[in-house]
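Structure record follows, encoded as structure tokens.
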Amino acid sequence: MSSFTLCKKVELHLHLEGAASPLFVRDICKSSGTQIPAIFDKAGNYKWQNFDQFLSIYEIVTNLFLEEKKFEALMRHILDKQVKENVVYTEIFLGPHLWSDKPSDRWEQFLQIASNTADEYKNKFGIHTYFIIVCIRHLGPEKALEASKFASKVKENKVIGFGMAGDEKKFNTLDFMESFNFARNSGLGITTHAGEICGTKSVDEAIKLGVTRIGHGVRSSESEETIKKLREKNIMLELCPGSNIALGLYSSLEDHPINFLFRKNIPISISTDDPPFFFTSLSKEYEKLHNVFDWGVEIFNKINKRSLEFAFCDSELKEKLSQQL
Ligand SMILES: [Zn+2]
């Protein structure tokens with residue numbers, strides 16, 4: 001067990017579809033008589049070498065969970081892990097266009113299952129879980145608007161935000177303005193992936209969408225001007241160092257700008273993105289940050305309190321949880 005396992009945590013950037021561990025995937029296949037897909041290496045880990053392979057395995061894994069019982073099992077699997085990591089508050093991304101091409105009953109059923117399971121875990125373990133519906137950028141602005149409308153429709157199922165994931169290189173960020181405006185006008189928090197694969201320009205465009213958080217945004221570190229804008233507009237970066245290193249953006253944590261951005265007083269949070277794909281967990285991230293930058297509990301608490309300030313839940317809950325950290 002990592003010495004940081006017991007540290008109370010807040011996680012804002014975690015994809016439901018990317019959080020199934022390889023062992024869990026094989027167990028689900030075995031118990032349902034489904035053939036285990038050829039997506040694992042000899043050690044049993046997900047086998048991918050580049051971003052395209054990662055996306056294709058991601059899709060295969062997502063497709064294994066598109067039945068109510070399996071979807072619920074996945075939700076439990078993720079929340080069990082969050083409880084073990086001592087996460088007190090988490091927001092989880094759900095991408096309904098990964099489940100089916102068009103809005104369907106299935107979308108609503110899955111949200112209902114996710115929400116019921118979150119309630120159960122809150123009552124049993126005290127963990128607060130909310131959801132952010134993400135559109136898939138490479139599917140284009142029309143689908144994005146569909147996802148945004150769906151997000152506002154299912155707000156009663158613990159949906160408090162709208163975001164965008166997918167291939168950063170496809171389409172212009174501002175093509176998605178309508179979807180983001182619709183979500184914000186519906187009372188949802190908004191965030192988008194940017195500044196991960198693409199550079200600072202994508203962060204500048206994301207800022208124009210009016211988001212209060214950016215998924216990754218790590219490439220902001222390449223421009224003093226962008227850093228200044230983030231600080232002026234008080235925008236949080238949902239940083240996931242292990243993900244960036246696994247995808248080859250940086251060769252090691254020593255080269256990762258997380259410490260630089262933190263010292264520049266940019267609000268940051270620490271997350272795992274798609275943890276089993278990137279061989280990581282929240283405790284591992286904390287442990288490595290401790291080893292490389294000498295960050296201790298005091299800094300982690302400060303970052304987690306700041307993360308809560310940018311969470312999309314109501315201020316009463318933020319206040320209550322902040323006192324527990
Ligand atoms: Zn992500």
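Here PHE150, PHE176, PHE180 are screened, and the one residue that is touching a Gly at 6+ places or on another chain (Cβ under 8 Å) and modelled with pLDDT of 95 or more is PHE180.
For the stretch 211-218, state whether one or more residues are in a helix (DSSP H, G or I) and buried (at least 22 other Cβ atoms within 10 Å of the Cβ). The answer is yes; a qualifying residue exists.
Residues of the stretch 87-105 that are buried (at least 16 other Cβ atoms within 10 Å of the Cβ) and either assigned to a helix (DSSP H, G or I) or acidic (Asp, Glu) (or both): GLU91, PRO96, HIS97, LEU98.
Is there a residue in the stretch 38-50 that is in a loop (DSSP other than H, G, I, E, B), within 16 Å of the ligand (Cβ to nearest atom) and under 20 Å from GLU238 (Cα atoms)? Taking every residue of the stretch 38-50 in turn, none turns out to be in a loop (DSSP other than H, G, I, E, B), within 16 Å of the ligand (Cβ to nearest atom) and under 20 Å from GLU238 (Cα atoms).
For GLU298, the requirement of being under 27 Å from THR129 (Cα atoms) and among the charged types (D, E, K, R) is met.
I need the full set of residues from the stretch 269-302 which are within 23 Å of LEU16 (Cα to Cα), free of Cβ contacts under 8 Å to residues at least 60 places away in the same chain and either surrounded by fewer than 21 Cβ atoms within 10 Å (Cβ to Cβ) or among the hydroxyl-bearing types (Ser, Thr, Tyr) (or both), in order please. Listed by number, the list holds a single entry, THR280. Going residue by residue through the stretch 1-24, is there one that turns out to be touching a residue at least 12 places away in the same chain (Cβ under 8 Å), among the charged types (D, E, K, R) and surrounded by fewer than 18 Cβ atoms within 10 Å (Cβ to Cβ)? Scanning the stretch 1-24, I find at least one residue that is touching a residue at least 12 places away in the same chain (Cβ under 8 Å), among the charged types (D, E, K, R) and surrounded by fewer than 18 Cβ atoms within 10 Å (Cβ to Cβ), so the answer is yes. In the stretch 269-303, how many residues are over 15 Å from the mean Cα position of the chain (by Cα) and not basic (Lys, Arg)? Going through the stretch 269-303 one residue at a time, the tally reaches 18.
The values are calculated or read from the model by the stated rules, or taken from the named source; none is laboratory data. Being a predicted model, the structure only gives us computed values, none of them experimental. Ideal geometry is used to build each Cβ from the backbone, glycine not excepted, and the neighbour counts take in all protein chains shown.
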